[in-house]
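To start, the structure itself, in structure tokens.
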Amino acid sequence: MSTQAAPENKTFGLALTAAGGVFTLLGILLFFNASLLALGNLFLVVGVSTLVGPSEVFAFASQPVKRKGSGFVLGGFILVLYKWGLIGLLLEAYGFFELFGDLIPGVLNMLRQIPVIGQYLSPPAPVEQRADTPAAQFVNQLLGSLNRPQTAGTGQQTLVGTLGGLASAYMNKKTQ
């Protein structure tokens, strides 16, 4: 009997969690409507507890490493219930970051493997591969001239003269 009840509880917990997400999103879209945010928070807490199990949620939240994040989530939850929606959500967001922040690099690496999304999440190419663009050549000229020793005038006058000379040389190259 308990093996048949478990899938029903999981389905019910998933539905409550989804409803919590929808109500929270609606609360945010409707300019931090406190009632919708509170309802969304309640549905999320009950849904996750039903989905995973109350003892597992408590065991996860009470780990010594996770106590700071759990405190911020609980504080934000209480503030949302007392109609302080924006501050409560900010505290909850920080708490979730504290609780699940160590998962971000793994999720990011997983998303980089997706064909369309991966090209936007991948780190940029090394500088050596991008050095042939006009913008990169301009920056290299600028950095090279700034590293030269100053010969005359104050530093500010020399820097302004150098930048002006580089800009005019770049524009002359562009028009040729």
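Structural remarks
- Hits in segment 82-99 - residues which are of a type outside the set (Ser, Thr, Tyr) and surrounded by fewer than 16 Cβ atoms within 10 Å (Cβ to Cβ): LYS83, LEU86, ILE87, LEU90, ALA93, PHE96, PHE97
Conditions (1) assigned to a helix (DSSP H, G or I); (2) free of Cβ contacts under 8 Å to residues at least 40 places away in the same chain; (3) crowded, with 18+ Cβ neighbours inside 10 Å, marked per residue:
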position	(1), (2), (3)
GLY20	yes, yes, yes
VAL46	yes, yes, no
ARG67	yes, yes, no
VAL80	yes, no, yes
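- Residue among ALA34, ALA61 that alone is modelled with pLDDT under 95, within 22 Å of GLY101 (Cα to Cα) and either open to solvent by less than 50 Å² (accessible area, probe 1.4 Å) or of a type in the set (S, T, N, Q) (or both): ALA61
- For segment 49-57, the count of residues that are open to solvent by 50 Å² or more (accessible area, probe 1.4 Å) and assigned to a loop (DSSP other than H, G, I, E, B) is zero.
- Residue count for segment 22-36, restricted to those that are more than 21 Å from the chain's Cα centre (by Cα) and assigned to a helix (DSSP H, G or I): 4.
The values are calculated or read from the model by the stated rules, or taken from the named source; none is laboratory data. The shown structure was predicted, so the numbers you read here are calculated from the model rather than taken from an experiment. FYI the Cβ positions are ideal-geometry reconstructions off the backbone, even for glycines, and counts take in every protein chain you see. All accessible areas refer to the heavy atoms of the entire protein, side chains included, with ligands and DNA or RNA removed. Shrake-Rupley method; radii C 1.70, N 1.55, O 1.52, S 1.80 Å.
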